[in-house]
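Each remark here refers to the structure printed beneath this line.
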Amino acid sequence: MTTPIRFELIKTCRQTGARLGILHTPHGSFETPMFMPVGTLATVKTLSPEELKEMGAGVILSNTYHLWLRPGHDIVAEAGGLHAFMNWDRGILTDSGGFQVFSLSEFRRIEEEGVYFRNHLNGDKLFLSPEKAVEIQNALGADIIMAFDECPPYPATYEYMKQSIERTSRWAERCLKAHRRPNEQGLFGIVQGGEYEELRRQSARDLVSLDFPGYAVGGLSVGEPKEVMNRVLEFTTPLLPADKPRYLMGVGSPDSLIDGAIRGIDMFDCVLPTRIGRNGTVMTSEGRVVIKNAQYARDFSPLDPHCDCYTCRNYTRAYIRHLIKCDETFGIRLTSYHNVYFLIKLMEQVRQAIREDRLADFREEFFERYGFNKP
Ligand SMILES: CNc1nc2c(CCNCC3CCCCC3)c3nc(N)[nH]c(=O)c3cc2[nH]1
């Protein structure tokens, strides 16, 4: 079987163990560690494919659950798949929908066969199974698709977590059997197990034995302290094959991206840049700026003095504050553009630091300037 997804390991940072790699996909090859902007409803909110390309986005995310409900995976398939539908000819990854069921739908029942829940838009009863989640993703046509998993709430008891990961491993096997396009779409397994090392080991063992072309670390960025996430990564990533890509789901903030790369993660996704951008919060090299604050009313400097993005080269804090205060759509386009650009450029700096074997030094410099080390 010709696997459509291949990870090429270029080098490992001598200071930290972080990896510099290339993710080869049917829609191009992209350097890792990489940040993947999220396009839930087949658009990275307010940004065009041309803008995403000019800022260097390679792989973007979309989602089984949302597109199943609207417009329907059949319509996307008739359009020729997600790439044609949204006019994006680089990489696409779709999440399997499990997480969205748990985060969007209040009523739900998990059974061996799948999850029963209600449509968060109209309350209709719905059912999603490993087979259904793979069928939808096969129809959507992303380059990377995700196994249907349970992302347990945090915290969860050891007993609950053990039952859950064993069912998630059985579901992973069902996803492999249901996958109809293995030569065009790489199916990634998702390791679960919460903060329990023994369960992370069991979950990784089960999934590695199924020989997926890539692996995600799931069940994190669900409210646990950062130290817990870092500890879980420290004992989980070494369990995954070094020659396969590792994707940390739902992460994240600038400090978590750097700390995840240091612990061997190659791929990240997070709604943060566009979500906080919509309420006027921007990430800058000197920390977060809440542009609505009165202090920026007469501030004619760029959002970030060290940023060379379209927003920072052409507009001032005072102007963007004015647009956001007046609910002008152009305002959230400018903040969203800057925030996505900021994380994509941050990963470029991380990759350069790995090339120069100085990612630990870069972490110190970045944390100091961003204000993460402030007591
Ligand atoms: C925010 N924190 C977090 N996200 C997680 C996610 C979602 C990752 N982001 C996907 C996008 C979300 C918006 C729509 C488009 C897809 C997780 N997904 C799965 N399948 N399993 C997790 O354990 C899992 C765990 C996660 N933790």
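The values are calculated or read from the model by the stated rules, or taken from the named source; none is laboratory data. Keep in mind it's a predicted model, so treat the numbers as computed, not measured. We place every Cβ from the backbone using ideal geometry, glycine too, and count neighbours over all the protein chains shown. In case anyone asks, the SASA skips ligands and DNA or RNA and just uses the protein heavy atoms, side chains included. Shrake-Rupley method; radii C 1.70, N 1.55, O 1.52, S 1.80 Å.
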Kindly work out what percent of the DSSP beta bridges joining two residues of the stretch 109-244 are antiparallel, to the nearest 5.
50 percent
Within 11 Å, Cβ to Cβ, of VAL208, how many net charges do the neighbouring residues add up to if Lys/Arg are +1 and Asp/Glu are -1?
+1
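To check you understand DSSP bridge types, tell me what percent of the beta bridges within the chain (both residues inside) are antiparallel, rounded to 5.
Numbers: 22 of 45 bridges.
Antiparallel: roughly 50 percent of the beta bridges in the chain.
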Can you give me the distance in nm between label points at THR12 and GLU198, each placed 7 Å from the Cα along the Cα-to-Cβ direction?
2.9 nm
Please state the charge dipole magnitude for the chain, taken about the Cα centre, from unit charges on C-beta atoms (+1 on K and R, -1 on D and E), reported in debye and rounded to the nearest 20.
580 debye
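Is it possible to state the helix-based mean residue ellipticity at 222 nm for the chain, with each DSSP H run of 4+ residues giving -39500 (n - 2.57), the sum divided by total residues, to the nearest 500 deg cm²/dmol? What is it?
Values: 15 runs with 154 residues, N = 375.
Here the helix-only value at 222 nm equals -12000 deg cm²/dmol.
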Here, the chain modelled as identical Cα point scatterers in vacuum has Debye log10 I(q)/I(0) at q = 0.08, 0.09, 0.11 Å⁻¹ of -0.39, -0.50, -0.76
For the LYS325, LEU210 Cβ pair and Förster radius 51 Å, calculated FRET efficiency rounded to 0.05 is 0.45
Output the relative contact order of the chain, whole-number percent, from Cα pairs under 8 angstrom with separation of 6+ residues.
18 percent
Have a look at the DSSP beta bridges in the stretch 185-333 and tell me what percent are antiparallel, nearest 5.
35 percent
Among SER256, GLY277, ASN230, whose Cα projects farthest towards the positive end of the dipole of the chain, with charges put on the beta-carbon of Lys, Arg (+1) and Asp, Glu (-1)?
GLY277
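Taking the Cα centre of the stretch 292-342 as origin, sum charge times position over the Cβ atoms of Lys and Arg (+1) and Asp and Glu (-1), and report the length of that vector in debye to the nearest 20. Display every interim value, and only then the final one.
Values: 7 positive and 5 negative charges, 27 e Å.
Using only the charged Cβ atoms, the result is roughly 140 debye.
Using 0.36 nm per residue of separation minus the Cα-Cα distance, give me the extension gain between ASP74 and GLU166 in nm, one decimal.
Working: separation 92, 0.36 × 92 = 33.12 nm, distance 3.18 nm.
Result: 29.9 nm gained on full extension.
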State the volume of the convex hull built on the alpha-carbon positions of the stretch 194-236, expressed per residue in Å³ and rounded to an integer.
64 Å³
Please report the accessible area of LYS45 (heavy atoms, 1.4 Å probe, ligands and nucleic acids excluded) in Å², nearest 10.
70 Å²
Checked against the positive end of the charge dipole of the chain (+1 on Cβ of Lys and Arg, -1 on Cβ of Asp and Glu, about the Cα centre), the farthest of TYR341, GLY21, HIS306 is HIS306
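I want to verify the translational diffusion coefficient of the stretch 119-273 in µm²/s; compute it with Stokes-Einstein, Rh as the Kirkwood radius over Cα pairs, at 4 °C and 1.567 mPa s. Present the calculation step by step, with values, prior to reporting the outcome.
Values: Rh = 16.0 Å.
Translational D for this selection: 81 µm²/s.
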Taking 25 Å as R0, compute the FRET efficiency from the Cβ-Cβ separation of LEU176 and GLU106 and round it to 0.05.
0.20
Estimate the FRET efficiency between VAL271 and GLN295 by the formula 1/(1 + (r/R0)^6), using the beta-carbon distance for r and 25 Å for R0, to the nearest 0.05.
0.40
Would you check the accessible area of LYS226, probe 1.4 Å, heavy atoms only, in square angstrom rounded to 10?
90 Å²
When every protein chain stays in place and a 1.4 Å probe is rolled, ARG317, ARG180 sorted by accessible area with the largest first are ARG180, ARG317
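With charges only on Cβ, +1 for K and R and -1 for D and E, what is the dipole size of the stretch 223-375 about its Cα centre, in debye, rounded to 20?
Approximately 580 debye in magnitude.
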D_trans [Stokes-Einstein, Kirkwood Rh over alpha-carbon pairs] for the stretch 14-115, 25 °C, 0.890 mPa s, µm² s⁻¹:
159 µm²/s
For the stretch 268-329 and the stretch 44-76, what is the centre-to-centre distance using only Cα atoms, to the nearest Å?
23 Å
Label points 7 Å out from Cα along the Cβ direction at LYS125 and THR3: separation in nm?
4.1 nm
Given the protein chains as shown and a 1.4 Å probe, how many square angstrom of TYR319 are accessible, to the nearest 10?
90 Å²
Difference of contour (0.36 nm per residue) and Cα-Cα distance, GLU365 to HIS306:
19.8 nm
Could you tell me the center-to-center distance, by alpha carbons, between the stretch 199-234 and the stretch 145-197 in angstrom?
10 Å
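Give me the Kirkwood hydrodynamic radius of the stretch 41-99 in Å, from all C-alpha pairs, to one decimal place? The partial results should precede the final answer.
Values: mean 1/r = 0.0842 Å⁻¹.
Mean inverse Cα-Cα distance, inverted, gives 11.9 Å.
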